[in-house]
1. Would you list which lysines come within 24 Å of LYS199, measuring only between C-alpha atoms, while excluding same-chain residues fewer than 8 positions from it?
2. If the chain between THR123 and ASP76 were fully stretched, how many nm would it gain, using 0.36 nm times the residue separation less the Cα-Cα distance?
3. Return the distance in nm (one decimal) between the two label points of a simple spin-label model at ARG144 and GLU233, each offset 7 Å from Cα along Cα→Cβ.
4. Could you compute the net charge surrounding LEU137? Neighbours are other residues with a C-beta less than 13 Å from the C-beta of LEU137; K and R count +1, D and E count -1.
5. Counting only heavy atoms of the protein chains, get the accessible area per residue of region 136-217 (1.4 Å probe) and round it to a whole Å² value.
6. Taking the Cβ of GLN185 as the centre, find all other residues whose Cβ is under 15 Å away and add up their charges (Lys, Arg: +1; Asp, Glu: -1).
7. Consider a paramagnetic label point 7 Å from the Cα of ALA179 along Cα→Cβ; state which residues of region 103-117 have an amide N under 20 Å from it.
Amino acid sequence: MRKIYFSLLLISLFSGLLVAWQWRSHQATAALEKQDPALIDIIHSLEQEDASLENTIATLRGQIEALQKARSKGEDRLAAIQQEIDALKLAAGLTPVTGPGIVVTLDDNSAGAQAAKNSSPATYKPEDYIIHDKNILYLVNELRSAGAEAIAVNGQRIVTNSDIRCVGTVILVNSTRLAPPYEIQAIGNPDALEAAVQKSVDFNFLKSRDFPVKVTRYPALSLPAYKGGFSQEHVRLVNTEGEQP
């Protein structure tokens with residue numbers, strides 16, 4: 001922008017000079033009627049200066065036009081870069097998304113646990129009646145394989161470095177403690193996603209053990225953006241030659 005303003009200033013200055021010299025040329029032309037040879041030389045000189053100024057103004061106008069076109073191309077490039085950034089943020093799970101999909105609900109088998117505890121307290125194992133991290137992890141992987149475009153567990157967006165693990169009897173997702181029931185939300189083709197869950201080993205195992213699990217289809221699901229950070233422990237800068245500095 002500064003270059004454009006500077007060029008406009010130069011055009012204004014040269015235009016003023018051109019008007020002044022044209023006025024002088026007019027005065028010289030009037031004097032020419034007196035047949036003064038010296039004034040004739042002055043007129044020729046002023047005419048040459050006028051032509052030079054006109055060429056300079058034309059050059060500056062061309063430079064302004066070129067700068068305007070370059071700026072327009074730059075704005076288009078910036079728009080293209082912003083679109084690329086938005087696409088990368090979407091792929092990385094950094095933006096909220098909405099779309100059709102399913103919700104897989106997993107809950108502890110509290111009724112079965114109570115019945116087992118009452119009937120066989122000596123052999124009762126509480127861990128046999130609760131949802132484990134692997135149950136959620138395996139189903140998340142099944143949904144990914146089935147083409148899920150975005151996944152969240154109890155509002156925690158699943159991204160490339162998300163962790164799903166147990167700490168004692170507590171399940172952590174993205175280092176956030178979750179409590180049952182666990183809802184795995186997945187956006188994608190509802191037919192493909194539901195079919196993948198219904199055929200999965202873990203879902204059928206939980207059903208066979210009377211865990212209260214189910215799959216629900218939704219015409220529109222809203223998933224939040226991932227709010228955590230990304231590990232860069234192994235990231236290194238690469239220079240333009242493709243070598244590490």
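The values are calculated or read from the model by the stated rules, or taken from the named source; none is laboratory data. Being a predicted model, the structure only gives us computed values, none of them experimental. Glycine gets a Cβ as well: all are built from the backbone with ideal geometry, and neighbour counts include every protein chain shown. Just so you know, the surface numbers come from the protein's heavy atoms only, side chains and all, with ligands and any DNA or RNA stripped out. Shrake-Rupley method; radii C 1.70, N 1.55, O 1.52, S 1.80 Å.
1. Those lysines meeting the cut-off are LYS134, LYS207, LYS214.
2. Values: separation 47, 0.36 × 47 = 16.92 nm, distance 7.02 nm.
Between THR123 and ASP76, full extension yields an extra 9.9 nm.
3. Spacing of the two 7 Å Cα→Cβ label points: 1.8 nm.
4. Numbers: positive: LYS134, ARG144, ARG165; negative: ASP133, GLU142, ASP163, ASP202.
So the surrounding residues net to -1.
5. On the way: 4130 Å² over 82 residues.
With all protein chains present, region 136-217 gives 50 Å² per residue.
6. Details: positive: ARG144, ARG157, LYS214, ARG217; negative: GLU142, GLU149, GLU183, GLU194.
Once positives and negatives cancel, what remains is 0.
7. Within reach of a label on ALA179, which here means backbone N under 20 Å from a point 7 Å along Cα→Cβ, region 103-117 contributes 105-114.
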